[in-house]
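What follows is a single structure, and I will ask about it in a moment.
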Amino acid sequence: MEQKVLTKVEPVKLPWKVKFLYATGDLAKTTTVIMTMAFSMYFYTEVCGINSGVASTIILLAKIWDIINDPMMGAIVDRTKSKEGKCRMWLKYMSVPGAIVFALAFMMPELSATGKIVWVALTYTLQGMASTALMIPMNTLMGRLTSDPVERASLNQIKGIMGLIPNLIVPAATMPMVIFFGKGDMQKGFLMVGIIYAIVFGVFNLTVYFGTKGYEPLEHLGGQDTTSQAAVKIEQPSIGTVLKALLQNTPWLFCIALYLVDMLASSISTTVMTWYFQYNIGSIPLMSLVSTISLGATFAVYLVLGFCIKKFGNSGTAVIGCILSVIGFALRFFLHDGTTAIIIAGNVIANFGTGLVGATILLNIFDAKVYGEWKTGVDNEAILMSGFSVSYKTGQALGGPVAGYLLLTVPYVAQAAVQEQSVLDLWFYESTLLPAVGFAIALVFALLLIKYEKKVPQMRAEIEERKAKEEKVE
């Protein structure tokens, strides 16, 4: 087996400046994720004139590649050797390329019908790969900045608050900006907005790189001890060993299933949001108002998150989030979005619930990391994060294909002034009933996580005892 040298790192208390600068990465990530999830299918069908089934297939195939590509990226990050750390190096070299391919994904050159399909397939796949090359190192870096659970919770809380900014701005401001910059040319409008969001993406990923300088453990330097602890030599496990350990990590599998269903449920409703407010409700401006008010509920999550985690734990808080999400979407379904007040109330409750799930999923995965190391002796942090990336991106992206394929079952007409009632009914069910069912399924996985979390302190203690014995042998 390949040998590497690991530096034993004591829990680090991070300065608020470092926490803030690291958290801006969530602003970068969420900006592009929301834009892709909420507007890519609309852009491909309504603006570029691509058949919804074709667009759905492109997105689906790209996400299948992501399922293969993300664990590969996790393994690469785990084995990266760089003077700047195995995570920060990727932020340095992939931020600008990632921004460029994102902008190109919302550009449509003058091409034939076939040429447009090829362009969409190429740019959508490339922006997904660039996102992978940044998201996995970014998420892994959080666990490497400090091993203190309290500091990690604080870091995650700041990240969540930072991620609220694009959640507030992108759904509310994108279409007004498209109209403003396009001045009647929707393709031009989407390109300009894509460029603006791409700049945000590149700048804040680089902000994380510069802001965390000197805080990522440099285990490859083998002997340079940043924590006044002895460096400990361990064996680097093979890919086969890592993958086997991954499949034996039951709580990690539950986390991945939970967030996959969570993101799929949210993604379906978000994908059809523009259509729903344009045709069912008859008011695009109301979409901006509802999004703005609903995001206030997500912000409120971070005012009570510390209390919820202390009282109910990471998995218990996720359970509460799933329950509230079901209630919010079910309320809108049973009351048939009869008034603006009902739409707002349902969205506020659901957003508060999804906010709780989103704020605790990484903490649950870090708990699953402890279980995996306790059970198998394998520490495969970056690949664990790649699983999170797969569930996150697959769930949020599959909403587009699901919505697109379902449109093939009804007489939808792109750019029509009005749509048939069956089309309107489909968008209503996708906005209310399907997300409610999805979060009910996610609730089952959240409940299954509770028993594992209760054993985490004991597992940590046993891991430390095991390492102490190994050091004595050395």
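Lys/Arg Cβ at +1, Asp/Glu Cβ at -1, dipole of the stretch 3-473 taken about the Cα centre: which of Met263, Val413, Ala368 is farthest positive-ward?
Ala368
Which of the trypsin sites (Lys or Arg not before Pro) found in the stretch 80-147 are in a DSSP loop and have at most 12 neighbouring Cβ atoms, other than their own, within 10 Å? Present the calculation step by step, with values, prior to reporting the outcome.
Numbers: sites: Lys81, Lys83, Lys86, Arg88, Lys92, Lys116, Arg144; in loops: Lys81, Lys83, Lys86.
Answer in residue order: Lys81, Lys83.
Another question about this same structure. For the chain, what relative contact order do you get, as a whole percent, if you take Cα pairs closer than 8 Å and at least 6 residues apart?
Numbers: 771 pairs, mean separation 130.7, N = 474.
Once normalised by length, the contact order is 28 percent.
Moving on to the next point. Which entries in the list Lys83/Lys311; Lys81/Lys159; Lys310/Lys467; Lys81/Lys455; Lys86/Lys159 go over 32 Å, if you measure between the two C-alpha atoms of each? Present the calculation step by step, with values, prior to reporting the outcome.
On the way: Lys83/Lys311 41 Å; Lys81/Lys159 27 Å; Lys310/Lys467 28 Å; Lys81/Lys455 34 Å; Lys86/Lys159 21 Å.
From the list (Lys83/Lys311; Lys81/Lys159; Lys310/Lys467; Lys81/Lys455; Lys86/Lys159), the Cα-Cα distance tops 32 Å for Lys83/Lys311; Lys81/Lys455.
Using the alpha-carbon centroid of each, what span in Å lies between the stretch 241-291 and the stretch 60-96?
The distance from the Cα centre of the stretch 241-291 to that of the stretch 60-96 comes to 23 Å.
By per-residue mean of other Cβ atoms within 10 Å, what is the highest-first order of 65-73, 363-371?
On the way: 65-73: 19.0, 363-371: 23.0.
Ranked by mean Cβ neighbours within 10 Å, highest first: 363-371, 65-73.
Which of the peptides 207-215, 23-31, 133-141 is most tightly packed, and how do the rest follow, going by the mean number of other Cβ atoms within 10 Å of each residue? Numbers along the way, then the final one.
Values: 207-215: 18.8, 23-31: 24.7, 133-141: 26.6.
Averaged packing, sorted descending, gives the order 133-141, 23-31, 207-215.
Quick check for me: using +1 on Lys/Arg Cβ and -1 on Asp/Glu Cβ, what's the dipole size of the chain about its Cα centre, in debye to the nearest 20? Each step should come with its number before you reach the end.
Values: 36 positive and 32 negative charges, 166 e Å.
Computed about the Cα centre, the dipole is about 800 debye.
Okay, which of the stretch 163-200 sit inside 17 Å, backbone N to the point 7 Å along the Cα-Cβ direction of Glu110?
Counting only backbone N, you get 185-189.
Can you list the equivalent-ellipsoid semi-axes of the stretch 295-442, largest first and in whole Å, using the square root of 5 times each Cα gyration tensor eigenvalue? Working shown, then result.
Working: eigenvalues 231, 89, 24 Å².
In descending order, the three semi-axes are 34, 21, 11 Å.
Now for a separate question. Which residue, chosen from Ala300, Ser112, Ala330, occupies the Cα position most advanced towards the positive end of the dipole of the stretch 3-473, where the dipole is computed from +1 (Lys, Arg) and -1 (Asp, Glu) charges on Cβ about the Cα centre?
Result: Ala300, furthest along the dipole toward the positive end.
Computed over the Cα atoms, what is the radius of gyration of the stretch 3-473 divided by 2.2 N^0.38 Å, N being its residue count? Can you show the working numbers first?
On the way: Rg = 22.3 Å, N = 471, 2.2 N^0.38 = 22.8 Å.
Normalised Cα radius of gyration, the stretch 3-473: 0.98.
Okay, next question. Could you let me know the centre-to-centre spacing of the stretch 120-183 and the stretch 294-342, using Cα atoms, in angstrom?
21 Å
Could you pull out every whole DSSP H run in the chain that spans at least 30 Å of Cα extent along its own axis and averages -0.5 or higher on the Kyte-Doolittle scale?
On the way: long enough: 16-42 (39 Å, 0.51); 52-79 (40 Å, 0.86); 113-145 (48 Å, 0.80); 149-182 (47 Å, 0.93); 186-211 (37 Å, 1.50); 250-271 (31 Å, 1.25); 284-334 (40 Å, 1.54); 340-376 (52 Å, 0.90); 381-407 (40 Å, 0.67); 433-453 (31 Å, 2.01).
Span-like helices in the chain: 16-42, 52-79, 113-145, 149-182, 186-211, 250-271, 284-334, 340-376, 381-407, 433-453.
Every number in this text was worked out from the coordinates using simple rules, so none of it is lab data. Quick caveat, the model's predicted, so the values are computed rather than measured. Don't worry about glycine lacking a Cβ; one is built from the backbone with ideal geometry, like all the others, and counts go over all protein chains shown.
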